[in-house]
Amino acid sequence: DSGVTQTPKHLITATGQRVTLRCSPRSGDLSVYWYQQSLDQGLQFLIQYYNGEERAKGNILERFSAQQFPDLHSELNLSSLELGDSALYFCASSLLQGGNEQFFGPGTRLTVL
Amino acid sequence: AQSVAQPEDQVNVAEGNPLTVKCTYSVSGNPYLFWYVQYPNRGLQFLLKYITGDNLVKGSYGFEAEFNKSQTSFHLKKPSALVSDSALYFCAVRADRTYKYIFGTGTRLKVLA
């Protein structure tokens, strides 16, 4: 158990809908990262927050947004969902901004029908 | 631009034999290099990292990796493979001036009894 929790475990929704994925980092970790893992694109870095502030952006679509709250938990919002958004979404946390190993949560499997 | 290449989709090795999983990278500046392992239906787990110092890095579960600056490689190795090492292995890189992490496409390791 990495200490990172993600909810929900599974999510099934329809095209055009909006969903929110939640992540609680390990106790004491200030950085949160979001990744998308799909069969055809591998593991894609989406976005990183450090202590409430956005630090780095990867291949995150404009339909997606994220934030990190004062209690350090983070939410990833996905809107106007398309079939291609079906994937496993991982959250990871680390103590500092960079150079540290990341601890990954178990993931949220999103299925868009 | 940053990139990571894992040239082999799959590596098969007999139990007890040494294993190597290859990774090459391209970054500007000094690289921060990581190896992670993913077991089925689980999040990624950190194995080892190189930031600076000795080129041979030792990590979890008997794995080690060698940083080679001239060849821009960071191959993962283990002297004697176990069947339980069978999993998906990811190499990742972060350039020292950014907070973006780039993951390779993953190499599936199969250790045969």
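The numbers here are math on the coordinates, done by the rules we state, and not lab data. Here the structure is a predicted model, which is why all the values come from computation and not from measurement. We place every Cβ from the backbone using ideal geometry, glycine too, and count neighbours over all the protein chains shown.
Each row is one residue, and each column tells you yes or no for (1) under 13 Å from residue B:101 (Cβ atoms); (2) within 11 Å of chain B (Cβ to nearest Cβ); (3) without any contact (Cβ under 8 Å) to a residue 40 or more places away in the chain; (4) touching a strand residue (DSSP E or B) at 6+ places or on another chain (Cβ under 9 Å).
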{"position": "A:66", "(1), (2), (3), (4)": "no, no, yes, yes"}
{"position": "A:70", "(1), (2), (3), (4)": "no, no, yes, no"}
{"position": "A:74", "(1), (2), (3), (4)": "no, no, no, yes"}
{"position": "A:82", "(1), (2), (3), (4)": "no, no, no, yes"}
{"position": "A:86", "(1), (2), (3), (4)": "no, no, no, yes"}
{"position": "A:101", "(1), (2), (3), (4)": "yes, yes, yes, yes"}
{"position": "A:107", "(1), (2), (3), (4)": "no, yes, no, yes"}
{"position": "A:110", "(1), (2), (3), (4)": "no, no, no, yes"}
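List the pairs whose first member sits in the stretch A:26-47 and is more than 10 Å from chain B (Cβ to nearest Cβ), whose second member is part of a loop (DSSP other than H, G, I, E, B) and among the β-branched types (Val, Ile, Thr), and whose Cβ atoms are under 9 Å apart, counting only residues at least 6 apart or on separate chains?
The qualifying pairs are A:26/A:4; A:29/A:4; A:32/A:4; A:34/A:60; A:36/A:60; A:46/A:60.
Can you list the strands (runs of 3 or more DSSP E) lying wholly within the stretch B:15-81 that have 2 or more residues being under 15 Å from the mean Cα position of the chain (by Cα) and loosely packed, with under 12 Cβ neighbours inside 10 Å? Spell out how you get there, then give the answer.
Working: elements: B:19-21, B:24-26, B:31-38, B:44-50, B:56-58, B:64-68, B:73-78.
Ranges flagged: B:56-58.
If a residue must be surrounded by 20 or more Cβ atoms within 10 Å (Cβ to Cβ) and in a strand (DSSP E or B), how many such residues does the stretch A:68-113 contain?
Qualifying residue count for the region: 15.
State all residues of the stretch B:82-96 that are outside any helix (DSSP H, G or I) and more than 14 Å from every other protein chain (Cβ to nearest Cβ); if no residue qualifies, say none. It would help to see each step written out before you state the result.
Our first condition is that a residue be outside any helix (DSSP H, G or I); within the stretch B:82-96, this holds for B:82, B:86-96.
Within the stretch B:82-96, B:82, B:86 meet the criteria.
Report every pair of residues separated by at least 6 positions or lying on different chains whose Cβ atoms are under 6 Å apart, first residue within the stretch B:97-111 and within 12 Å of chain A (Cβ to nearest Cβ), second acidic (Asp, Glu).
B:107/B:8
Identify all residues within the stretch A:1-55 that are of a type in the set (Asp, Glu) and more than 15 Å from residue B:44 (Cβ to Cβ); write none if there are none.
Step one: of the stretch A:1-55, the residues of a type in the set (Asp, Glu) are A:1, A:29, A:40, A:53-54.
Selection gives A:29, A:40, A:53, A:54.
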